[in-house]
Amino acid sequence: MDWFSIIWSMKKPMDKWTCRRWILGIGIGCLALVSLPLAGCALPASSNYPEIPLRSGGQQASAPSLSEPSTTTAPDDGLTHRQRVTLRVAGPWQADQLDLLGRYYELTQNQVSTLGHEDSRGSHISLDYLSAYDSDLRLVAEPLPQAEFLTDELARIWTAAGTWPDLVLTDHYSALQASQLLDLTSYLMDDKRLAADKVSPALLSDSQSPQGFLYLPWRLSVPVLLYHPRSVPDAVPGGFEERPTWPEFVEQCHQLVAGSDATQLAIANPEALVTVLVSGTDAHTGWAGWNGSGYDFSRPEFISTVQALRHLVAEGATGIAASIGYPDYVAATQDKLDGHQVAYQVIDSSQLATLDSGSPDHLVLPLPSTAATKSPYPVRVQALSVSKSTGQPGLACQVAAFLAADPDALFLQNRLSPQPGLFPIVRDREVWTAYLDPISGRTGALEKLPDLLDHPAPGGAFKVFDWPAVQRELAGPSAYRLLAEPDVESVIQSMQQAWDQREEG
């Protein structure tokens, strides 16, 4: 365990924001002042928002302060001296969703009681009620043009123009981007929401870049198997209550080929399993061939997986053949899928959101289990980063932790924009249930996914430059050559040489 994991697991009391005092001015003979808005919680006169409970001595409950220099300050209206703080957030949220999340953040920090009116939990709070809360914090959506995540091109534009947003959605390491991102360690190392019993320490540790802890995991996706019942008319109807083992999965693929005509495939894209599945007993492997710091394609577990998949190829269980080029293979496989002639397909769970939610044509399963009892499950992490140029580093880090690891915030995000197949990083089972429920075709085996992620493995996403492109190559054209070409040893050697040269460069 490295120093960051040790530090992260320490449970020191969490430093709190500087508390602001709300002043309730009551002038003798000026009873009309009672109706003036309370600082930090002003609402329209027509609102039935509950009174803030008074502490003993008649003082109102104190709340965390937005005490850092504000980026936007409201004009002095002669009644209050409130600071309006704006954080620009580049990510997947719509403007109205982000606005509600900003209001909810400050409401929860102020610990405003909703007794007698609305349940304040993120799973139940009324959105109309929340939108009436007059928050001093504004989260403003900054679009990510033509990209889902931060790119080097966009980083150059923002750097040249001096327009970096406060928070930004990231998914991989880049030295160019990293030079503009804030190390979150000192701001979040004592955050109780990120304690070892709330979030996997390994996930946080593996999200460190060479420049420090620049990436706070927010949500993740995982590789899964789709099973298409319509493609197997003679199969016994029903779901999968248990996760299949790797030997069971391979045997079933053999049986599907033996009992079908030549037009049916047992598995559409076995090459996608090459980098994420191990058939051996190595409990340290999450991304096959990955040893924690680089790729070693000579690992026995990696070679074992390749050989098992090559046997399926030889039996005709896939569309792979040495005589077919990779692009033509991809097109032909898609035709088979469209014609309901494939039993299994490997996809990233983030793609589940694009499938027809009412379609009964698929069941969703986790990857087959290996012989290793604690083998890490591969995950693809979406992270929140804070720019160095923010004028509110402490606040931006706290908002990022709130969005990523506060259960109520996660409930609210799931209500505002449900994304089937994107999962929380927290261990909270109620939160997980809320995120699993919208998935069409989920099985009993998939319901156990939280337990499988006790050891999540993001691989080299935050250590290797352009990890997504590396994976597209390794799980696509390179893996196809491994399964299609007669001389597998020469392919492995060329892959290792290419990786070693990349590392040296």
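The values are calculated or read from the model by the stated rules, or taken from the named source; none is laboratory data. These numbers were taken from a predicted model, which means no experiment stands behind them. Glycine gets a Cβ as well: all are built from the backbone with ideal geometry, and neighbour counts include every protein chain shown.
The table below gives the values:
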{"quantity": "Every residue from region 132-153 that is within 21 Å of the chain's Cα centre (by Cα) and part of a helix (DSSP H, G or I)", "calculated": "D152"}
{"quantity": "Total residues in region 379-397, condition more than 30 Å from I347 (Cα to Cα) and assigned to a strand (DSSP E or B)", "calculated": "2"}
{"quantity": "Single unsatisfied condition, P420 versus (1) without any contact (Cβ under 8 Å) to a residue 12 or more places away in the chain; (2) within 28 Å of E242 (Cα to Cα)", "calculated": "(1)"}
{"quantity": "Meets criteria (more than 13 Å from V199 (Cβ to Cβ), outside the structural domain of P165 (by TED's automatic domain parsing) and not β-branched (V, I, T)) for L449", "calculated": "yes"}
{"quantity": "So L79, is it assigned to a helix (DSSP H, G or I) and modelled with pLDDT under 95", "calculated": "no"}
{"quantity": "Residues located in region 351-362, provided they are surrounded by fewer than 20 Cβ atoms within 10 Å (Cβ to Cβ) and either at pLDDT 90 or above or not hydroxyl-bearing (S, T, Y) (or both)", "calculated": "Q351, A353, L355, D356, G358, P360, D361"}
{"quantity": "Residue list for region 460-505, filter: touching a residue at least 40 places away in the same chain (Cβ under 8 Å), farther than 30 Å from Q382 by Cβ and among the small types (G, A, S)", "calculated": "A484"}
{"quantity": "Criterion violated by G238 - all others in (1) surrounded by fewer than 23 Cβ atoms within 10 Å (Cβ to Cβ); (2) on the phi < 0 side of the Ramachandran plot; (3) out of contact with any helix residue (DSSP H, G or I) (no Cβ under 6 Å at 6 or more places or on another chain); (4) at pLDDT below 90 satisfied", "calculated": "(2)"}
{"quantity": "Qualifying residue in region 471-485 (condition: touching a Lys or Arg at 6+ places or on another chain (Cβ under 7 Å) and among the hydrophobic types (A, V, I, L, M, F, W, C))", "calculated": "yes"}
{"quantity": "Sole residue being within 19 Å of Q345 (Cα to Cα) and more than 25 Å from the chain's Cα centre (by Cα), chosen from V232, V224", "calculated": "V232"}
{"quantity": "Residue match in region 340-348 (condition: under 20 Å from K448 (Cα atoms), in the same structural domain as D99 (by TED's automatic domain parsing) and modelled with pLDDT of 95 or more)", "calculated": "no"}
{"quantity": "Residue within region 412-426 that is in contact with a helix residue (DSSP H, G or I) (Cβ under 9 Å, 6 or more places away or on another chain), part of a helix (DSSP H, G or I), crowded, with 21+ Cβ neighbours inside 10 Å and outside the structural domain of T170 (by TED's automatic domain parsing) present", "calculated": "no"}
{"quantity": "Within region 421-476, tally of residues that are at pLDDT 90 or above, under 30 Å from A498 (Cα atoms) and aromatic (F, W, Y)", "calculated": "2"}
